[in-house]
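Bear in mind these aren't lab numbers, they're just calculated from the coordinates by the rules spelled out. None of the values given here were measured: they were computed from a predicted structure. Here the Cβ positions follow ideal geometry from the backbone for every residue, glycine too, while neighbour counts run over all protein chains shown.
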Amino acid sequence: MQPFAAALLACLALLALMVPSEAGVTNSERFRRGLPPLPPVKRATRTFAAKRQANSPLSSPSYSGALQLRYADGPQVGSTAGYVANAVTTGPTGLTVNTANELSVLYQGGSIQATNALFPAPYYIGGSGTTPLATGSSASIPFINVNAGPSAKIWTLDPTTGALTASWTNPDGSQIALALIYTPSSNVLSFTGDRASFIAGSPSSVAVAKSLSDLVIENVPNAH
């Protein structure tokens with residue numbers, strides 16, 4: 001590089017360091033130089049800031065424990081019928097009275113997921129089938145492990161008591177509250193839209209079916 005060019009570049013660099021940026025110049029300094037004032041700065045209002053904070057996504061609380069089932073009626077009403085079993089071959093379709101064999105679950109956002117499953121995936125707990133459920137009908141669907149989605153996202157949990165309720169959407173879009181039924185002879189749990197109709201319409205082999213109150217996550221309140 002020619003000496004003159006190098007000197008010129010050094011001069012320009014020095015000038016660049018010496019001249020303050022216009023972004024940091026005050027209006028009084030700009031007026032002294034004959035420049036127009038800075039444009040006004042648009043600031044967020046307190047209301048807008050509050051709305052943005054309120055609309056920030058928050059993760060749903062989660063609850064963990066075992067799924068305890070209680071009798072809904074009869075001489076044993078309110079007592080524990082058992083716990084949803086963690087069965088290797090049949091999955092979470094029946095009950096156990098042995099706490100060593102109970103299924104541990106995590107509830108969050110309307111879904112229940114098994115956390116210690118001995119059975120193969122899927123690990124969400126819900127209903128399965130396309131049979132319409134309705135009041136006055138003895139129809140039922142299995143209580144079983146399902147994939148994440150509408151068949152799993154059926155639960156509502158009371159964070160004070162741990163009680164779970166479930167709602168089912170039929171193929172025609174209608175919704176119905178689900179009731180649980182337990183058949184001891186086959187150790188099978190089912191969902192129905194009408195507990196009384198299911199029991200009344202059951203064949204003799206299922207006549208001893210027990211009606212259960214809603215599931216309870218035993219360790220709640222246990223928010224994470």
Mean Cα-pair separation over length for segment 62-217, i.e. relative contact order, pairs under 8 Å, 6 or more apart, %: 24 percent
Where the Cα pairs of segment 62-217 fall when distances are cut into 5 Å bins, in %: 2, 10, 19, 24, 22, 15, 7, 1, 0
Per-residue HN-Hα couplings for segment 148-163 [Karplus 6.51, -1.76, 1.60; θ = phi - 60°; Hz; x = Gly/Pro]: 4, x, x, 6, 9, 8, 10, 9, 10, 10, 8, x, 7, 9, x, 5
Table column - 3J(HN,Hα) (Hz), segment 180-185, Karplus curve with 6.51, -1.76, 1.60, x for Gly and Pro: 9, 10, 10, 10, x, 4
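Report the calculated FRET efficiency for SER79 and ASN116 (r = Cβ-Cβ distance, R0 = 25 Å), to the nearest 0.05. Don't skip to the end; give the middle numbers.
Numbers: r = 25 Å, r/R0 = 1.01.
Computed FRET efficiency for SER79 and ASN116: 0.50.
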